[in-house]
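Single-structure report; data block below.
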């Protein structure tokens, strides 16, 4: 049983590597020039639409540029699918100016070609309002048809959204099949019982000779 479990785990590793892609920044405007760093607000909202990958994505993180906050503020994030919120259940204390990255502690799946709202806000609703850097251009860099509905002229945070594409369940590759076959062969080799017939001992040999001699003598009687 132990060997069977090992085979399943190793085979699963091969297939999992084929199913899931690598994390990637799909939407970003961090190459824009900052207009101001004195924007104070209780939260920022980033409306976005996912791309064309038919099997969807797994959200990895959102990165936002903050201005300096004299009193550090514990910030967190959530994704709203216009029905329910998926909270990151993690946060970062924002004090000095710079980019801060928020990554969910739970798996958040994003469907293909679907609108969402990314929200970054203080974990404590009674905390001081954070200060942000912002721009007024809605231009973004996107990959795989991701998009945003930000409006020119508004106070727009500098941000980047990272996700992992989920690939379709693949057909087993030649390498996976060869490795799986080799593991099965090793398993059955180990399970084949060895020949446990004992080697003839001196006593057994003597008994055999004695029995044979008695039969020989009884022949002449």
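The values are calculated or read from the model by the stated rules, or taken from the named source; none is laboratory data. Computed from a predicted model, the values in this text were never measured in an experiment. Note: ideal-geometry Cβ built from the backbone for every residue, glycine included; neighbour counts use all protein chains shown.
Going by the conditions given, is residue 90 exposed (fewer than 15 other Cβ atoms within 10 Å of the Cβ), more than 26 Å from residue 149 (Cα to Cα), free of Cβ contacts under 8 Å to residues at least 40 places away in the same chain and in contact with a strand residue (DSSP E or B) (Cβ under 8 Å, 6 or more places away or on another chain)? Here the answer is yes, as residue 90 does meet what is asked.
One residue is enough: does the stretch 72-79 have a residue meeting the conditions surrounded by fewer than 15 Cβ atoms within 10 Å (Cβ to Cβ) and touching a strand residue (DSSP E or B) at 6+ places or on another chain (Cβ under 7 Å)?
From the stretch 72-79, those surrounded by fewer than 15 Cβ atoms within 10 Å (Cβ to Cβ) are 72, 74; that's our starting set.
If we keep only those that are touching a strand residue (DSSP E or B) at 6+ places or on another chain (Cβ under 7 Å) as well, we get 72, 74.
Yes, the stretch 72-79 contains a residue that is surrounded by fewer than 15 Cβ atoms within 10 Å (Cβ to Cβ) and touching a strand residue (DSSP E or B) at 6+ places or on another chain (Cβ under 7 Å).
Within the stretch 140-155, the set of residues being closer than 22 Å to residue 112 by Cα and either more than 31 Å from the chain's Cα centre (by Cα) or surrounded by fewer than 15 Cβ atoms within 10 Å (Cβ to Cβ) (or both) comprises 141, 143, 145, 149. For residue 82, the conditions (1) closer than 24 Å to residue 164 by Cα; (2) buried (at least 18 other Cβ atoms within 10 Å of the Cβ); (3) touching a residue at least 24 places away in the same chain (Cβ under 8 Å) all hold with the exception of (2). Screening residue 71 against (1) more than 14 Å from residue 110 (Cβ to Cβ); (2) outside any strand (DSSP E or B); (3) within 21 Å of the chain's Cα centre (by Cα) leaves a single unmet condition, (3).
Selection of the stretch 22-55 for residues being crowded, with 18+ Cβ neighbours inside 10 Å and over 22 Å from residue 132 (Cβ atoms) yields 50, 51, 53.
Is it true that residue 163 is at pLDDT 90 or above and either more than 17 Å from residue 24 (Cα to Cα) or assigned to a loop (DSSP other than H, G, I, E, B) (or both)? It is false that residue 163 is at pLDDT 90 or above and either more than 17 Å from residue 24 (Cα to Cα) or assigned to a loop (DSSP other than H, G, I, E, B) (or both).
Here the condition is being within 16 Å of residue 53 (Cα to Cα), in contact (Cβ under 8 Å) with a residue 40 or more places away in the chain and within 29 Å of the chain's Cα centre (by Cα); of 110, 117, 158, it holds for 110 alone.
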